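Heads up: the structure comes next, in structure tokens.
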Amino acid sequence: MNAFESMFTVGFLGGLPLLSSAKTRSINAENPDGSVGGGAKEDPQGKGPARRLGKGWKVRPCIDLPQGETTVLADIEGPGVVQHIWITANEASYRDCILRMYWDGEETPSVEVPLGDFFVNGHAMRCDVNSLPIAVNPSGGFNSYWPMPFRKSAKITIENQHWSPIGGFFYQITYTETEVPAEAAYFHAQWRRAMTERSNPDYVIVDGIRGKGHYVGTMLAWTQHSNGWWGEGEVKFFMDGDREHPTICGTGLEDYFGGAWGFDNPSRTYSTAFLGLPMCHRVAGEVPKHTLYRWHILDPIRFEKDLRVTIQALGWYEDGTFQPLADDVASVAYWYQAEPHAPFPQILKPEDRWPR
């Protein structure tokens, strides 16, 4: 039994005692290609903090991201599975750096998301997250445990679209060299942002997914432009030929994210294994901002041919009827599917990604 099978046929903890022929590798600034015996080889001669200690010490823990350039963080030959990604960088990178992932030599990325949003830090603002696939720990330690299988190759890049270089970018990407079952699908994540309109308050979380797969998560970074409750809209899943009416429809935003009754206290936050509201930013003189996540890990949304996911921006009028809202919404959709995937929409320019 290989590492992939032991993790997912026996269970995360149940498979731990099983021996495997898989090989664990890890990439970071100290071992940029993850090669065997390739870590801690930097020459300590010079002005670095390890210059008195000799070889084998902490010399190159991080890199700098040149302005306007794309840096390859990992370029791996398969088959294998990316198991853990840890990244930390200053908040200037959260919306201005684009994280991309390519599987098996594909020309267009399967993951294309601003760095912070991928790790549930929306609005370019830091918050802690305590969930199963994503954990963000003090102060800004981004962790992903989404399993990402590949058969031929995996390439992970970061593009710095900030107006200046970004220094002190730390990362570690741990993967295993192992066989991948034929039925294993590829990980995808896509970012979007739009202003809803009172005449049409539907926000599209993702559209144009083609092929067979399963939807596994939603992140929303929601900016209010109206007073009062903002989350009365329903999350809808249009799948496999649905047109006017969805096959799966929720009962309200707070219900979809596992809360109830408008979250009761509008400033209360929570972060659990599968769902949360880890940030509720309410400061005098600023528009309210919220970040939410929902992981469909034990309840994936499976589709055969196509998928479209939407949510409405709705509040209340004083007469007890729904009020369409003009709010600013950004999102990340996470899913697995068989390749090839449909092309993603062109990602917005940096100034169109900046928070309000």
Please give the strands (runs of 3 or more DSSP E) falling wholly within segment 45-116 in which 3 or more residues are under 30 Å from residue 209 (Cα atoms) and aliphatic (A, V, I, L, M).
70-77, 80-88, 97-103
Out of segment 124-153, which residues are crowded, with 21+ Cβ neighbours inside 10 Å, under 13 Å from the mean Cα position of the chain (by Cα) and closer than 13 Å to residue 82 by Cβ?
144, 146, 148
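Do we find a residue being farther than 25 Å from residue 135 by Cα and of a type outside the set (S, T, N, Q) anywhere in segment 287-301? Give the steps one after another, and end with the answer.
Of segment 287-301, the ones farther than 25 Å from residue 135 by Cα are 287.
Subsequent filtering for residues that are of a type outside the set (S, T, N, Q) retains 287.
Yes, some residue in segment 287-301 is farther than 25 Å from residue 135 by Cα and of a type outside the set (S, T, N, Q).
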If residue 227 satisfies every condition in (1) under 21 Å from residue 338 (Cβ atoms); (2) out of contact with any strand residue (DSSP E or B) (no Cβ under 7 Å at 6 or more places or on another chain) but one, which is the exception?
(1)
Being surrounded by fewer than 19 Cβ atoms within 10 Å (Cβ to Cβ) and either outside the structural domain of residue 296 (by TED's automatic domain parsing) or in contact (Cβ under 8 Å) with a residue 12 or more places away in the chain (or both) is the filter here; which residues of segment 255-268 pass it?
258, 262, 266, 267, 268
Given the conditions (1) in the same structural domain as residue 124 (by TED's automatic domain parsing); (2) of a type in the set (Val, Ile, Thr); (3) over 23 Å from the mean Cα position of the chain (by Cα), every one holds for residue 173 apart from (3)
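Return the residues of segment 71-83 that are surrounded by 15 or more Cβ atoms within 10 Å (Cβ to Cβ) and at pLDDT 95 or above; say none if nothing qualifies. It would help to see each step written out before you state the result.
First, the residues of segment 71-83 that are surrounded by 15 or more Cβ atoms within 10 Å (Cβ to Cβ): 71, 73-76, 78-83.
71, 73, 74, 75, 76, 79, 80, 81, 82, 83, listed by residue number.
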Out of (1) more than 18 Å from residue 128 (Cα to Cα); (2) free of Cβ contacts under 8 Å to residues at least 40 places away in the same chain; (3) touching a His at 6+ places or on another chain (Cβ under 9 Å), what's the single condition that is false for residue 277?
(1)
Looking only at segment 313-352, count every residue that is surrounded by fewer than 21 Cβ atoms within 10 Å (Cβ to Cβ), part of a loop (DSSP other than H, G, I, E, B) and not aromatic (Phe, Trp, Tyr) and tell me the total.
15
If you scan segment 303-350, which residues turn out to be touching a Leu at 6+ places or on another chain (Cβ under 6 Å) and within 22 Å of residue 95 (Cβ to Cβ)?
313, 331
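Return yes or no: is residue 63 assigned by TED's automatic domain parsing to the domain that holds residue 132, over 17 Å from the mean Cα position of the chain (by Cα) and under 17 Å from residue 140 (Cβ atoms)? Break it down into steps so the answer makes sense when it comes.
Working: assigned by TED's automatic domain parsing to the domain that holds residue 132: yes; over 17 Å from the mean Cα position of the chain (by Cα): yes; under 17 Å from residue 140 (Cβ atoms): yes.
Here the answer is yes, as residue 63 does meet what is asked.
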Being in the same structural domain as residue 33 (by TED's automatic domain parsing) and in contact with a strand residue (DSSP E or B) (Cβ under 6 Å, 6 or more places away or on another chain) is the requirement here; does residue 143 meet it?
yes
Give just the number: which of (1) at positive phi; (2) assigned to a loop (DSSP other than H, G, I, E, B) does residue 242 not satisfy?
(1)
Lone qualifier among 234, 244 - being among the acidic types (Asp, Glu) and more than 23 Å from the chain's Cα centre (by Cα)
244
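The values are calculated or read from the model by the stated rules, or taken from the named source; none is laboratory data. Predicted model only: the values in this text are computed from it and were never measured. All Cβ positions, even for glycine, are placed from backbone atoms using ideal geometry, and neighbour counts span all protein chains on display.
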